[in-house]
Each structure stands twice: as C-alpha cells, then as structure tokens.
Amino acid sequence: MIPAKLRNKYIESKTFLEMIKRSVNEIARPFCEENDFLFSDRIKTEESICEKIQTGRFKSWSDLDDLYACTIIINTPRQEQLVLDFLDQKFDLDNQKSRFRNKARKPAESFRFDSTRAVCKLKPPLHAREQTPLFETSFEVQIKTIFDHAWSKSTHALAYKSKEPDWKRQRLAAQLKASVEQIETLINAFTEATKSVDGNQTPDIEDIRLISRFFLNTFEEELLPKELEPSDWGRFCNNIYDVIKMSEGIGISHRVRKNLNSLQDTLDKFKEHIEKTGRKSIPVSITLYQFFTFWLANEEILKSKHVSGYTLLFTEDVSVIFPENKLKKNLFKWD
C-alpha cells in the first residue's frame with residue numbers, strides 16, 4: 001500500500017518529471033545517435049520510490065535525485081569522459097553529488113555495481129526570472145559500458161530481486177562482474193594486449209593487409225580523390241580481396257590456403273592506371289569498389305566466367321565510365 005502523502009507528492013511531481021524526460025531526450029538522444037551510444041530512460045514508479053525512502057538514507061523528497069533517470073551506454077570505458085564533458089556543457093552537473101566510477105573506493109576483492117551516476121539539472125533559459133521545479137529537480141544519468149549494461153540487465157533480477165536471498169546467486173553475479181572488468185581492461189589496452197597474443201597469420205589476412213596498405217598509400221599520395229575513401233575500411237578491403245580472388249578463378253566461398261598469385265601485379269597495374277588518369281579525372285559518382293572492380297573487367301582481368309554466385313553493384317554511372325563493360329551477368333537489380 002502506497003501512503004497517500006507519497007502518492008499525492010508523486011502526482012504533483014509527475015508533470016515536471018515528464019517535462020524533464022522530454023527535455024533530456026531532445027538533448028541527449030541526438031548526441032547518443034551521433035556517437036553510436038545506446039540510450040534508455042525511465043520515471044521511477046511510486047512503489048520504487050516508497051521502497052527507496054524506506055532504506056532510511058534520504059532526509060527529504062528533494063534528496064531523491066533519480067525520480068527520473070536515464071542511461072547512456074558507451075562502447076568503451078575511454079568514451080566516458082566524452083559523455084561527462086557533454087553533460088557538463090548541456091546540463092547543470094553536480095560534481096559533489098555525482099558518483100564517478102574511477103573514484104569509487106572499492107576494495108580490490110570486491111566486484112559490484114559501480115557505474116558512474118552523474119546528478120544533473122536542466123539549465124534554465126537565460127531570460128528566466130525565477131527558478132521553477134522544472135529546473136530545481138535533480139535527475140540521474142548513468143554511464144555504463146555496453147558490457148557493464150549487459151551484466152546489470154542479465155544478473156540484477158536473477159541475483160538481487162529474488163524473494164529469498166541467495167549467497168550463491170550473489171557470488172555468481174560478482175564473478176560475472178569480475179569478467180566484465182577483465183574484458184574492459186583488455187579493451188582499454190587492446191593495442192598493447194595484442195602484443196601478447198601468439199601470431200598465426202593466414203594467407204588471406206596477409207593479402208587483405210596488403211590491399212589495405214596499398215589503398216591507404218594511394219590516398220596518402222593523393223592519387224585518388226578524397227571523396228572515394230571508404231567509410232568501412234575492413235569491409236572494403238575484404239570486398240576487393242574477393243573480386244581479385246574471383247579473377248584467379250577461385251570461388252567466392254572457397255577457402256584460400258596460399259597467397260593470391262596475381263595480387264601484387266594487379267595492384268601495381270591499377271596504380272599505373274590511376275597515375276596515368278590523374279586524380280582530377282577519376283570519377284567520384286561511383287564507389288572506389290565499383291571503380292576498381294569494373295576496371296578489372298575493362299582490363300579483362302575479371303571476366304564474366306569468374307563471377308559465379310556473386311552479385312556486382314552496378315549503376316548507370318558505371319556504364320557511362322566503362323562503356324565496354326563485359327560483365328553483363330550477376331549485376332545488382334534495382335527493382
């Protein structure tokens with residue numbers, strides 16, 4: 001049973017909490033989308049507020065700083081400072097009330113919830129003459145890594161929401177938290193940590209590295225227009241590897257056990273072509289993948305008989321740039 005006094009206070013506050021929720025969404029969601037962070041939020045229920053007050057840790061209603069709370073889920077621990085800078089710029093960030101993960105005094109043998117919880121308020125507009133509950137109400141922004149978020153979502157209900165306390169459940173949750181911290185440590189030191197991994201290069205990885213270095217160099221030497229630089233280098237290099245592999249008559253799904261014979265020669269010929277063409281004459285109306293692939297076809301390095309079980313990205317601009325295109329099969333259809 002919820003006390004009438006609490007229920008009335010909750011109803012009185014709900015309007016402002018809804019307004020805070022809308023305002024934070026308008027400010028924080030675009031930032032999260034821009035940085036590829038996840039975002040979630042909620043307004044606390046009356047039952048949850050009642051249980052929280054009954055912990056005895058709060059002296060007044062104004063001490064409750066998470067009646068509205070949101071979570072920003074970052075990809076790596078190093079991105080936390082970016083979020084804190086954003087919060088400090090867009091909201092009134094209370095550093096005294098906030099609890100920061102890297103400042104938590106946690107025993108070395110302890111593995112528990114310790115994500116950053118930033119306490120903020122909306123900034124009143126410059127022309128505002130007086131404060132209102134809208135700008136006086138604190139709210140909480142939790143900052144979690146994607147692994148920490150997964151841990152809390154997966155284990156909280158299982159370990160801590162049980163009707164009967166269970167040491168084994170809490171122990172297992174702590175062990176999983178330790179695993180999360182280990183993962184985050186490795187991510188933070190990813191480049192250094194790879195030096196401890198035993199090397200075992202395969203021919204395909206070696207060839208794809210060669211392709212990557214080749215195209216990176218062509219852009220550094222300004223042989224190709226900047227507009228053609230791929231947004232996803234890993235995907236691009238894999239796609240180029242596939243078409244060169246096909247040009248050697250190797251099926252797209254066939255596992256390669258040795259380096260491609262023609263790779264270096266093909267890349268050298270392409271470099272000669274773009275040097276002769278000149279950067280300003282290279283079209284930017286098609287992708288670099290299209291330009292390279294249909295150049296292969298134009299040079300009869302990649303032939304129609306090679307293209308089996310593979311669909312080529314074809315557009316009208318390709319037919320204008322390469323009017324003698326001999327790859328008439330397996331072209332992407334736009335219907």
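The values are calculated or read from the model by the stated rules, or taken from the named source; none is laboratory data. Bear in mind the structure is a predicted one, so any value in this text is a computation, not a measurement. Cβ placement follows ideal geometry from the backbone for every residue including glycine, while neighbour counts extend to all protein chains displayed. Heavy atoms of the whole protein, side chains included, go into the accessibility calculation; ligands, DNA and RNA do not. Shrake-Rupley method; radii C 1.70, N 1.55, O 1.52, S 1.80 Å.
Which condition breaks for Ala150 when tested against (1) closer than 17 Å to Thr76 by Cα; (2) crowded, with 18+ Cβ neighbours inside 10 Å?
The single condition Ala150 does not satisfy is (2).
Given the options Ser40, Ser23, name the one that is among the hydroxyl-bearing types (Ser, Thr, Tyr), open to solvent by 30 Å² or more (accessible area, probe 1.4 Å) and part of a strand (DSSP E or B). Let's see the steps before the verdict.
On the way: Ser23 fails: part of a strand (DSSP E or B).
Result of the check over Ser40, Ser23: Ser40.
Can you find, within the stretch 76-101, the residue that is surrounded by the most Cβ atoms within 10 Å (Cβ to Cβ) among those that are among the basic types (Lys, Arg) and closer than 11 Å to Ala118 by Cα?
Initial filter on the stretch 76-101 (among the basic types (Lys, Arg)): 78, 90, 97, 99, 101.
Retained after the next criterion (residues that are closer than 11 Å to Ala118 by Cα): 97, 99, 101.
Details: Lys97: 14, Arg99: 14, Arg101: 16.
The residue in question is Arg101.
Quick check on my filter: what residues within the stretch 78-92 are touching a residue at least 12 places away in the same chain (Cβ under 8 Å) and within 25 Å of the chain's Cα centre (by Cα)?
Within the stretch 78-92, the first condition is being touching a residue at least 12 places away in the same chain (Cβ under 8 Å), and the residues that meet it are 78-80, 82-84, 86-87, 90-92.
Hits for the stretch 78-92 are Arg78, Gln79, Glu80, Leu82, Val83, Leu84, Phe86, Leu87, Lys90, Phe91.
Looking at the stretch 255-267, I want the residues that are within 14 Å of Leu302 (Cα to Cα) and in a helix (DSSP H, G or I) and have a partner that is open to solvent by less than 100 Å² (accessible area, probe 1.4 Å) and modelled with pLDDT of 95 or more with Cβ atoms under 6 Å, at least 6 apart or on another chain. Which pairs are those?
As it stands, the answer is Leu267/Phe214, since those pairs meet every condition given.
Please count how many residues of the stretch 195-246 are in contact with a Cys (Cβ under 7 Å, 6 or more places away or on another chain) and under 17 Å from Lys258 (Cα atoms).
Final tally of qualifying residues: 2.
Please go through the stretch 230-243 and give me each residue that is touching a Phe, Trp or Tyr at 6+ places or on another chain (Cβ under 9 Å) and within 16 Å of Ala297 (Cα to Cα), ordered by number.
Asn239, Ile240, Asp242, Val243
Note down all Cβ pairs under 6 Å where the first residue falls in the stretch 177-199 and is more than 16 Å from His149 (Cα to Cα) and free of Cβ contacts under 8 Å to residues at least 12 places away in the same chain, the second is of a type in the set (A, V, I, L, M, F, W, C) and open to solvent by 90 Å² or more (accessible area, probe 1.4 Å), and they're at least six residues apart or on different chains.
Hits for this filter: Ala193/Leu186.
Looking at Lys245, Lys271 in this structure, which one is closer than 21 Å to Asp204 by Cα and either among the acidic types (Asp, Glu) or in contact (Cβ under 8 Å) with a residue 12 or more places away in the chain (or both)?
On the way: Lys271 fails: closer than 21 Å to Asp204 by Cα.
Matching residue, one of Lys245, Lys271: Lys245.
Looking at (1) within 37 Å of the chain's Cα centre (by Cα); (2) within 19 Å of Glu229 (Cα to Cα), which one does Lys333 not meet, given that it meets all the others?
(2)
Considering every residue within the stretch 169-182, establish whether at least one is open to solvent by less than 70 Å² (accessible area, probe 1.4 Å), assigned to a helix (DSSP H, G or I), at negative phi and among the acidic types (Asp, Glu). Full working, then the answer.
Of all residues in the stretch 169-182, those open to solvent by less than 70 Å² (accessible area, probe 1.4 Å) come to 173-174, 177-181.
Among the residues that remain, those that are also assigned to a helix (DSSP H, G or I) are: 173-174, 177-181.
Now drop any that are not at negative phi, which leaves 173-174, 177-181.
Now restrict to residues that are among the acidic types (Asp, Glu): 181.
Yes, the stretch 169-182 contains a residue that is open to solvent by less than 70 Å² (accessible area, probe 1.4 Å), assigned to a helix (DSSP H, G or I), at negative phi and among the acidic types (Asp, Glu).
Does Lys280 fit the bill of being over 36 Å from the mean Cα position of the chain (by Cα) and part of a helix (DSSP H, G or I)? Walk me through how you get there before you give the answer.
Details: over 36 Å from the mean Cα position of the chain (by Cα): no; part of a helix (DSSP H, G or I): yes.
The answer is no for Lys280.
Applying the selection to the stretch 43-94, what residues are outside any helix (DSSP H, G or I), over 20 Å from Glu184 (Cβ atoms) and of a type in the set (A, V, I, L, M)? Walk me through how you get there before you give the answer.
Pass one, the stretch 43-94, residues outside any helix (DSSP H, G or I): 43-45, 54-60, 64-76, 91-94.
Then drop every residue that is not over 20 Å from Glu184 (Cβ atoms), which leaves 43-45, 54-60, 64-70, 91-94.
Of everything in the stretch 43-94, those that are outside any helix (DSSP H, G or I), over 20 Å from Glu184 (Cβ atoms) and of a type in the set (A, V, I, L, M) turn out to be Ile43, Leu64, Leu67, Ala69, Leu93.
Just the residues that are open to solvent by 90 Å² or more (accessible area, probe 1.4 Å) and either touching a Pro at 6+ places or on another chain (Cβ under 7 Å) or assigned to a loop (DSSP other than H, G, I, E, B) (or both), please, taken from the stretch 293-322.
In the first step, residues of the stretch 293-322 are kept if they are open to solvent by 90 Å² or more (accessible area, probe 1.4 Å); the result is 299-300, 305, 316, 320.
Residues satisfying the conditions are Glu299, Glu300.
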